[in-house]
Structures are given as structure tokens and as C-alpha cells.
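The values are calculated or read from the model by the stated rules, or taken from the named source; none is laboratory data. Computed from a prediction, not measured in an experiment: that's the story for all the values here. Don't worry about glycine lacking a Cβ; one is built from the backbone with ideal geometry, like all the others, and counts go over all protein chains shown. Protein only, heavy atoms only, side chains kept; ligands, DNA and RNA dropped before computing areas. Shrake-Rupley method; radii C 1.70, N 1.55, O 1.52, S 1.80 Å.
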Amino acid sequence: MLLLASVGCGRGFGEESGDELARDVAAAEAKQLNMELGHRNRVRDAGSIAAAEIVQQPQGTALSDDETVRREALAWSGRTARDERATVDVRFVVTVPERPPVSVGGASNSAGDATRCYRYEFQLYRYTTYHEIDCPSGAAPSPPTAAPVPKVPEDGRQRLTAVLRTATPDTLAGAVRAAFPQDWITVDTTVHEGALVAAVGVPAERDCLLLVRTPAGKIESPGYDRIWLEPGETGCRTGLYVSPPR
């Protein structure tokens, strides 16, 4: 009688604390986010990373059944450029429902919740690292906004095609630069075996548009391995067509 009474009080046999389970879920979510953030190969400020890659979920996102996790960016500073470092503090708020055992003696847990915070650190050409920090009190600040990413204009192909149709070897370079006057866009042109070649791009973003007007007047887009756009490789230049890496 005493044994039965003791089993019937408090947490049942095999039942896990909901709060402990919620803490484990938060830790797993933090680890998963770190894996998603991965290797950094673009210059970005911390606010842009937080806005574009650390998704705000104010209403909570269901994981399974009634289990939810809310992810909030709490603070951000710095940027990933040269030897600089960016940091973003993230709060995970997890709620798990009570789950009764599905069989006699089976696993179950009480309802629970947990809040855990982590700091993610970013450096150019390195993998993201993170560690747990104390959670600050108070509500999260307004979500950050991502800075515009420089890129070749959406109508870039149409612009360059139009230039190549009318350009001559003497006017090619000036005409292409006039069509793409933005200072963050690089322009490289050449004449190769009677063909007019133009490469227009944003090197930091590995964004590149390469077009050729053949001696017959046809506009072509030569294929190339995008790894050649990486730092230390050919980059967005006419060499992608004229003298491609072997």
C-alpha cells in the first residue's frame, strides 16, 4: 500500500521533467542553427546576418505536436570583413506539452518550458562558432534589417546584349561601362579572334555576367566553373573565356 501510494504521487515512473526536456530542445536548436550558419564566405554586417539568416519567429514554430520554439535576435555587432568579427546573440524560448505514456511503463514527460541564450561569432572564411551566455531580461529589440546586397542589375543581361549588338572594338569598353556605371560593378572587356568579350560582375558576391559577340554577330553566354570566381582564382574577367583555367 505504501509503495503504491508513493508511485501515485508527484512525477510518475519513467516521466521526464518538461523543463529539462525543453532545455535539451533549446540546446539542440542552438546547435542546429550553428550548423545552418556554417562557413562564411561573404562580407556581411551582423544585422544583415541576423535579419537574413536568423529567422524571427514571434508566434512560435511547431516542432512536433504542441512543442514550439521561438528564436529571437537580442543583439548584433560587427561585420565579417578581413580580420573583423561579427556577433549575434540569440534567445531560444521552448515550450513542450505534457505527454502521457503510450504504454504501461513507457516514456512520458510533464509540461515545461525553458529559455536559453547563445552568442554566435562569425569571421570571413571561417566556420561559425557559438557558446551559451546568460539571458538578459526584457523583451527582444525590434528585428534588424538586412543591408542591400550589391549585385548585377536584374536586367543586366539585356543591357549587355544591347551594348554588344552595336559596339565596335574601339567603343566596347566605354559602352559597357556606361551601361553599368555603379562603382561596385567591375567591367572587363577585350577583343579576341574577332569576338567582342565582356565580363560584368560584383567580385565580392561572386556575381558575374559573361557574354560574347561572335564574329558572325551571335550573342553567346560561355559556360565556366563558378569556382573560378572565388578569391585567388580568375575572377569575373574576360579570361574566363579567352584563357580559362585548365
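In the chain, Cα pairs under 8 Å separated by at least six residues give a relative contact order of 15 percent.
Taking each DSSP H run with n ≥ 4 as -39500 (n - 2.57) and averaging over every residue of the chain yields -7000 deg cm²/dmol at 222 nm.
Leaving out ligands, DNA and RNA, and with a 1.4 Å probe, what % of the accessible surface on the chain is carbon or sulfur? Accessible surface attributable to carbon and sulfur in the chain totals 52 percent. Rounded to 0.05, the FRET efficiency of the Met35 and Asp83 pair, given R0 = 22 Å and the Cβ-Cβ distance, is 0.35. Per residue, the solvent-accessible area of the chain (1.4 Å probe, heavy atoms of protein chains only, all protein chains present) comes to 57 Å². As a test of the definition: which semi-axes, in Å, follow for segment 127-184 when you take the square root of five times each eigenvalue of its alpha carbon gyration tensor? Largest first, please. One finds semi-axes of 48, 13, 9 Å for segment 127-184. Look at (i) 17.6; (ii) 19.5; (iii) 22.4: the one that is Kirkwood radius over Cα pairs in Å derived from this structure is (iii). The modelled label-to-label distance between Ser17 and Thr166, using points 7 Å beyond Cα along the C-beta direction, is 7.5 nm.
Label zone of Thr145 (point 7 Å out along Cα→Cβ, amide N under 18 Å): in segment 67-92 this covers 73, 76-77. Extension gain, Asp113 to Glu154: 0.36 nm times the residue separation minus the Cα-Cα distance gives 10.1 nm. Full extension of the chain between Ala178 and Arg246 gives 21.2 nm of extra length, using 0.36 nm per residue less the Cα-Cα distance.
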